[in-house]
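The values are calculated or read from the model by the stated rules, or taken from the named source; none is laboratory data. Source: prediction; values computed, not measured. So basically every Cβ, Gly included, is an ideal-geometry build from the backbone, and we count neighbours across all protein chains shown. These area figures cover heavy atoms from the full protein model, side chains too; ligands, DNA and RNA do not enter into them. Shrake-Rupley method; radii C 1.70, N 1.55, O 1.52, S 1.80 Å.
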Amino acid sequence: MTDKLKVDLSGAPQTMLATFYAKALDAGLPKPILGDKLAKDIADRIDYDWSRTSITEATAPSVTTRSAHFDRWTRQFLAVHPEAVVLHLGCGLDGRYFRLEPGPGVEWYDIDYPDVAHLREQLYPTAEHYHVVAASVTDPAWLRDIPADRPTLMIGEGLTMYLTEHDGVALLRRIVDGFPSGELQFDAFNSLGIKAQWSNTVVRRSGAKLHWAINKPEDILRAVPGTRLLAWNSPFDDPVFNTLPWYYRLMLAIMKPVPVLRYMAQYHRYAF
């Protein structure tokens, strides 16, 4: 008998178990990138064969470097806007709210499918200004219950590639049109990244499918009126790569000089 919580997910929601496990493994390393001890504690409470995620200590930085990047951008936004709304879309089991501990002026919303939201509610603590919304991020209905009277940050880490272009653009437009000001922060794959999804073990094992390719900021600036580019980065631009094991530094040396490889994955940041 076990008192652990059994998890059974498939498709895109299952991929969040891989990204979550990377953070749990990172927390146990001598020099963690995120140091998310809550993730490690929660992973120990879940009844799941983590080997199915294909994530190991060696591959965990491919996830944790990205999460650390968006943690940093989120902190920057909240430092300027201490009274804000944060929409963490497709949050999975990520504990960004608990890592960052935003001030009491921030209303934070974690949005994901109902089965994921239910899982979060069983695993994470509650907080006065922290909300879990059980909905598909592409459903317009959930936005009606979000206060629209303050600067708003949308975070979409590991999200856009699972959406169709139609649904993704419609989602970004709803946020830009529905709130007075704020930022859109998300990562994306270019066309090569979408075509190469067969090589992504996490995606392949989950049975998920990638759809939306974003090749450059102009794709968003044209599709979502009212946006202004703040930053467009390759993950390889992050100095943390220089501190990672040799195989990451080798990948950096091979891919960074070739634009289509350098921007196979991208970090996007827009003001509106």
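Odds and ends about this structure:
- Note on exposure: V132, V63 ranked by accessible area (1.4 Å probe, complete protein assembly) read V132, V63, with the most exposed listed first.
- Full extension of the segment from V260 to K209, taken as 0.36 nm per residue of separation minus the current Cα-Cα distance, would add 16.3 nm.
- Across segment 116-272, the fraction of Cα-Cα pairs farther apart than 22 Å, rounded to a whole number, is 51%.
- Label separation (D149 vs E121): 2.6 nm, computed from points 7 Å beyond Cα along the C-beta direction.
- Answer label for Cα extents along the principal axes in Å (calculated), chosen among (1) 73, 40, 36; (2) 49, 46, 33; (3) 87, 48, 38: (2)
- Annotation: amide H of T152 within the under-5 Å range of V85, S181, G182, E183, sequence separation 5 or more or interchain, hydrogens built in the peptide plane.
- D177 accessible area, 1.4 Å probe, all protein chains in place, Å² to nearest 10: 120
- Formal net charge of residues neighbouring L192 (Cβ-Cβ distance under 14 Å; K, R +1; D, E -1): +3
- Look at the dipole of the chain built from charges on Cβ: of V85, A208, P235, the Cα furthest out on the positive end belongs to P235.
- Oblate is the label for segment 199-258, because the ratio a/c of its alpha-carbon gyration tensor axes (a ≥ b ≥ c) is 1.5 or higher and a/b is not greater than b/c.
- Computed extension length for S136-A223: 29.2 nm, one decimal, from 0.36 nm per residue of separation with the Cα-Cα distance subtracted.
- Of the residues R204, R120, R262, ranked by 1.4 Å probe accessible area with the largest first, the sequence reads R204, R262, R120.
- Across the options I175, A127, S51, the greatest Cα extent toward the positive end of the charge dipole of the chain (unit charges at beta carbon of Lys, Arg, Asp, Glu) belongs to S51.
- Value of [θ]222 nm, deg cm²/dmol, for the chain, DSSP H segments ≥ 4, -39500 (n - 2.57) each, nearest 500: -11000 deg cm²/dmol
- You can think of it this way: the chain between K6 and N233 has 77.9 nm of extra reach, that is 0.36 nm per residue less the Cα-Cα gap.
- Accessible area, probe 1.4 Å, largest first, for residues D187, D167, D8: D8, D167, D187
- Altogether, the Stokes-Einstein calculation at 37 °C and 0.692 mPa s, with the Kirkwood radius of segment 1-135 over Cα pairs as Rh, returns a diffusion coefficient of 213 µm²/s.
- Placing pseudo-labels 7 Å out from each Cα toward the beta carbon at W246 and D177 gives an inter-label distance of 5.5 nm.
- Cross-link pairs K195/K216; K4/K37; K31/K256; K6/K40; K40/K256; K6/K31 - those with Cα-Cα distance over 21 Å: K31/K256; K40/K256; K6/K31
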